[in-house]
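*Asks:* Below are the structure tokens for one structure; questions will follow.
The values are calculated or read from the model by the stated rules, or taken from the named source; none is laboratory data. Here the structure is a predicted model, which is why all the values come from computation and not from measurement. Every residue, glycine among them, receives a Cβ derived from its backbone with ideal geometry; neighbour counts consider all protein chains shown. The accessibility values were calculated without ligands, DNA or RNA, using every heavy atom of the protein model including side chains. Shrake-Rupley method; radii C 1.70, N 1.55, O 1.52, S 1.80 Å.
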Amino acid sequence: MALIVQKYGGTSVANPERIRNVARRVARYKAMGHQVVVVVSAMSGETNRLISLAKEIMPDPDPRELDVMVSTGEQVTIGMTALALMELGIKAKSYTGTQVKILTDDAFSKARILDIDQHNLKKDLDDGYVCVVAGFQGVDANGNITTLGRGGSDTTGVALAAALKADECQIYTDVDGVYTTDPRVVPEARRLDKITFEEMLELASQGSKVLQIRSVEFAGKYKVKLRVLSSFEEEGDGTLITFEENEENMEDPIISGIAFNRDEAKITVAGVPDKPGIAYQILGPVADANIDVDMIIQNVGADGTTDFTFTVHKNEMNKALTILRDKVQGHIQAREVTGDDKIAKVSVVGVGMRSHVGIASQMFRTLAEEGINIQMISTSEIKIAVVIEEKYMELAVRVLHKAFGLENA
């Protein structure tokens, strides 16, 4: 007998019939003698509908009240899923994030989980219940409802698996695993049987939408065995995310996957004094506004000044520009502050980079042959990311996928 946490995304619970399918799948695991915790997202499109409703009332909704609204999507799904299980004769009980007591900080719309009270869940599991938990939501120390950000149900699932010391956390989605890249962009993309946590973390952080990055961080930190599967296929092993690199097969591909992200914007602060502390003076106020910064480049100084460029999420570009123009530009005597939201980031990821040279030159040559200009470069031990014009993104992904032979099994 194993304890399994299963997470189902919005498309997997999009309507009553799909919720019945989830219940039937859970029933099969229960029939094998397993204890099962089910984490569900809101029905497909529901969170967007609720956000739109809020914006009809208030164009820039108050974050606390928005979390109160959007968290209701998951509350509907847990009730429906519990009812579907009951219809099959299975004891089931639904829980909101507050009822479980998934304790978070108070950063509304992107809260972080601090602690999970497993007491009630463990008691119900021991009494033979299937526990159905709302993903994406929690409660802060003051009793306010919080949400964990887009894709937060993945994090809920992994965090529950860690807290309950589950044998496996299964993430059910509309794809049957992790692919070398998005098959909608490259039809020849292959499903990977397994991938390391390091690679999955890089792919998620660079734009791969299969798993939310925080869920992968959580799984790696607490050694949660993670598997990505399709909720629309009865069979299949999906993709196992592992801790061990496979050192036995020297013919394994150097690159595991290519990620892309069109949700970033580039901000340049031009004519900045070239002196110590200037980066902090620019990025400090941005960080204070809770805006995440991704890639950063500072040019070599000339005539005592330099240009400082960094990327943020596209949705936060205008907020960042306002902060820089109002609070920073005059203070540091910068010449101008500009933004560009017509960019995309493309990244190649693979643990094989550690032991193979020439990956960067092959990547840059491939892009140059297509006339694609590189605006920014960022590297880590197992990743090379570049910022390019958004209009070239799909072409870049296709030619790089072919250049690194990722279509070959």
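*Asks:* Defining a contact as two alpha carbons under 8 Å apart and six or more residues distant in sequence, what relative contact order in percent does the stretch 61-119 show?
*Replies:* About 28 percent, as a whole number.
*Asks:* 7 Å from Cα along Cα→Cβ at both residue 217 and residue 88: what's the point-to-point distance in nm?
*Replies:* If labels sit at residue 217 and residue 88, their model points lie 3.4 nm apart.
*Asks:* Using only Cα atoms, tell me the angle between helix 359-369 and the longest principal axis of the chain; keep it within 0 to 90° and round to the nearest 10.
*Replies:* Its long axis makes an angle of about 70 degrees.
*Asks:* Solvent-accessible area per residue for the chain at a 1.4 Å probe radius, Å²?
*Replies:* 47 Å²
*Asks:* Select from the stretch 247-354 those GluC sites (Glu not before Pro) which occupy a DSSP coil region and have at most 13 other Cβ atoms within 10 Å, ordered by residue number.
*Replies:* 247, 248, 251
*Asks:* Spelling out what I want: for every residue of the stretch 55-67, take phi, set θ = phi - 60°, compute 6.51 cos²θ - 1.76 cosθ + 1.60 (Karplus), and round to whole Hz; glycine and proline get x.
*Replies:* 6, 5, 8, 9, x, 10, x, 4, x, 5, 5, 4, 5
*Asks:* Just the C-alpha atoms of the stretch 6-67: what Rg/Rh do they give, with Rh taken as the Kirkwood radius?
*Replies:* Using only Cα positions, Rg/Rh for the stretch 6-67 is 1.18.
*Asks:* Let me ask something else about it. For the stretch 330-362, which trypsin sites (Lys or Arg not before Pro) are in a loop by DSSP, counting at most 12 other Cβ atoms within 10 Å?
*Replies:* 335, 342
*Asks:* Just from its helices, what would the mean residue ellipticity at 222 nm be for the chain, if runs of 4 or more DSSP H residues each count -39500 (n - 2.57) and the sum is divided by every residue, rounded to the nearest 500 deg cm²/dmol?
*Replies:* It comes out at -10000 deg cm²/dmol, rounded to the nearest 500.
*Asks:* Can you list which of the GluC sites (Glu not before Pro) found in the stretch 119-209 are DSSP loop residues with at most 14 other C-beta atoms within 10 Å?
*Replies:* Here the sparse-neighbourhood loop sites are 188.
*Asks:* Same structure, new question: Scanning the chain for chymotrypsin sites (Phe, Trp or Tyr not before Pro) in DSSP loops with at most 16 other Cβ atoms within 10 Å, what's the longest stretch left with none?
*Replies:* Result for the longest clean stretch: 1-221.
*Asks:* State the extension gain, in nm to one decimal, for the chain segment bounded by residue 52 and residue 357, taking 0.36 nm per residue of separation less the distance between their alpha-carbons.
*Replies:* Length gained, residue 52 through residue 357: 104.9 nm.
*Asks:* How far is the Cα center of the stretch 294-309 from the Cα center of the stretch 124-154, in Å?
*Replies:* Answer, in whole Å: 44.
*Asks:* In Å³ and rounded to a whole number, note down the convex hull volume per residue for the Cα atoms of the stretch 346-409.
*Replies:* 76 Å³
*Asks:* For the chain, calculate the relative contact order in percent as a whole number, restricting contacts to Cα pairs under 8 Å that are 6 or more residues apart.
*Replies:* Once normalised by length, the contact order is 13 percent.
*Asks:* Per residue of the stretch 192-209, in order, report the coupling 6.51 cos²θ - 1.76 cosθ + 1.60 (Karplus, θ = phi - 60°) as ³J(HN,Hα) in whole Hz, putting x for Gly and Pro.
*Replies:* Once rounded to whole Hz, the list reads 8, 5, 8, 8, 7, 4, 4, 5, 5, 5, 5, 4, 5, 6, 8, x, 4, 8.
*Asks:* Per the 1.4 Å probe, what fraction of the accessible area of the chain, in percent, lies on carbon and sulfur atoms?
*Replies:* The computed percentage sits at 49.
*Asks:* What do you get when you divide the Cα radius of gyration of the chain by 2.2 N^0.38 Å, with N the number of residues?
*Replies:* For the chain, the normalised Cα radius of gyration is 1.06.
*Asks:* Using the Cα centre of the chain as the reference point, and only Cβ charges (+1 on K/R, -1 on D/E), how large is the resulting charge dipole? Debye, rounded to the nearest 20.
*Replies:* It comes to approximately 700 debye.
*Asks:* In the stretch 129-155, whose amide N lies under 20 Å from the spot 7 Å out along Cα-to-Cβ of residue 184? List them in ranges.
*Replies:* The answer is 150-154, whose backbone nitrogens lie closer than 20 Å to the label point.
*Asks:* Can you give the alpha-carbon Rg of the stretch 54-182 over 2.2 N^0.38 Å, where N counts its residues?
*Replies:* Computed over Cα atoms of the stretch 54-182, the ratio equals 1.12.
*Asks:* Using a basic spin-label model with each label point 7 Å from the Cα along Cα→Cβ, how many nm lie between residue 1 and residue 274?
*Replies:* Reported label-point gap for residue 1 and residue 274 is 7.0 nm.
*Asks:* Dipole of the stretch 1-143, Cα-centred, from +1 at each Lys and Arg C-beta and -1 at each Asp and Glu C-beta, to the nearest 20 debye?
*Replies:* 780 debye
*Asks:* Relative to the first principal axis of the alpha-carbon coordinates of the chain, what is the inclination of helix 152-164, with its axis defined by its Cα atoms, in degrees from 0 to 90 and to the nearest 10?
*Replies:* On a 0 to 90 degree scale, this one is about 60.
*Asks:* Quickly work out the residue 232-to-residue 168 label distance, labels modelled 7 Å from Cα along the C-beta direction, and quote it in nm with one decimal.
*Replies:* Using points 7 Å along Cα→Cβ, the separation is 2.2 nm.
*Asks:* Given the stretch 44-127, what count of lysine pairs have C-alpha atoms under 24 Å apart, with each pair 8 or more places apart or on different chains?
*Replies:* Taking the stretch 44-127 as the scope, the lysine pair count is 10.
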